[in-house]
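Each remark here refers to the structure printed beneath this line.
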Amino acid sequence: MATAAIYGLLASSSFVVGVVLGLATKPPRRLLAVIIAFGAGVLVSALTFDLMGEAFERETGAYAIGLSLHAEGRSIGIVLLAAVFLANVPESLGSTRAMREEGRSRGYIIGVWTGVGVACVLATMAGYALLAGLSQGWISAILALAAGGILALLADTMFPEAFEHGGRWVALATAVGFACAFLLSELTGSA
């Protein structure tokens with residue numbers, strides 16, 4: 001359970017990075033879109049090779065991190081943690097910028113993201129504790145559901161925002177994010 005809490009804290013700590021950057025700076029929309037596209041590419045790789053790959057081999061995002069700590073074979077928990085960390089920074093950075101533009105106070109923004117971080121840690125711990133005794137079939141189904149949830153997030157939020165403001169660099173940033181997560185997966189899986 002302590003490992004699940006640590007993983008949850010590490011994944012959630014990226015929200016802090018994004019919020020601090022969002023409060024301390026005002027990145028141009030194009031740069032923010034490229035950062036979001038990078039994070040989206042990371043998530044595409046994670047859902048494709050780690051979540052769906054693991055689900056297929058076995059015959060939501062934060063629940064999946066906790067559940068993945070029980071996975072056999074590959075180090076899916078570490079890879080998923082890294083992918084979520086890399087994707088959370090642009091998500092919280094972009095959201096912080098949007099909340100600032102709406103006139104929200106620093107206290108409000110910090111409070112909202114603190115709540116999100118706490119919820120993610122609790123979800124990771126719940127995924128570890130509550131879903132540990134499930135059969136391989138149920139674990140596969142939950143990992144596939146988490147992958148579908150990430151895909152919906154990408155299609156509904158991250159890609160449209162990135163393409164609206166990012167220009168020609170969005171495609172390259174997405175590909176670079178994908179490649180970084182894929183390489184991390186391969187390096188961790190072979191360790």
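Backbone phi angles across the stretch 106-113, fed through the Karplus curve with coefficients 6.51, -1.76 and 1.60 (θ = phi - 60°), yield HN-Hα couplings of 4, x, 4, 4, 5, x, 4, 6 Hz in residue order; Gly and Pro are listed as x.
Rank-order 177-185, 160-168, 120-128 by packing density, defined as the average count of other C-beta atoms within 10 Å over each peptide's residues, highest first. Numbers along the way, then the final one.
Working: 177-185: 20.0, 160-168: 16.7, 120-128: 22.4.
Answer by packing, highest mean first, reads 120-128, 177-185, 160-168.
Placing unit charges on the Cβ atoms of the charged side chains and taking the dipole of the chain about its Cα centre, the candidate lying farthest along the positive direction among LEU47, ALA132, THR174 is THR174.
Excluding ligands, DNA and RNA, the accessible surface per residue across the chain is 48 Å² with a 1.4 Å probe.
Given axes a ≥ b ≥ c from the Cα gyration tensor, I'd like to know whether the stretch 96-191 is rounded (a/c under 1.5), prolate (a/b larger than b/c) or oblate.
Working: a/c = 2.16, a/b = 1.23, b/c = 1.76.
Note, shape of the stretch 96-191 comes out oblate.
Highest-first packing order for the peptide set 33-41, 138-146 is 33-41, 138-146, based on the mean count of other beta carbon atoms within 10 Å. Need one word for the stretch 109-165: rounded, prolate or oblate. Basis is the Cα gyration tensor (sqrt eigenvalues a ≥ b ≥ c); a/c below 1.5 gives rounded, then a/b vs b/c decides. The shape class here is oblate. Sequence-ordered 3J(HN,Hα) estimates for the stretch 134-139 from the Karplus curve with 6.51, -1.76 and 1.60 and θ = phi - 60° stand at 6, 5, 4, x, 5, 4 Hz, glycine and proline given as x. Look at the Cα gyration tensor of the chain: its axes a ≥ b ≥ c give a/c of at least 1.5 with a/b at or below b/c, and that counts as oblate.
Carbon-plus-sulfur fraction of the accessible area of the chain, 1.4 Å probe, in percent? Provide the component values of the computation, followed by the final result.
Working: 6390 of 9220 Å².
It is 69 percent, rounded to a whole number.
The values are calculated or read from the model by the stated rules, or taken from the named source; none is laboratory data. What you are looking at is a predicted structure, and each value in this text was computed from that prediction instead of being measured. All Cβ positions, glycine included, derive from the backbone under ideal geometry; neighbour counts span all protein chains shown. Heads up: the accessible areas ignore ligands, DNA and RNA and are worked out on the full protein's heavy atoms, side chains in. Shrake-Rupley method; radii C 1.70, N 1.55, O 1.52, S 1.80 Å.
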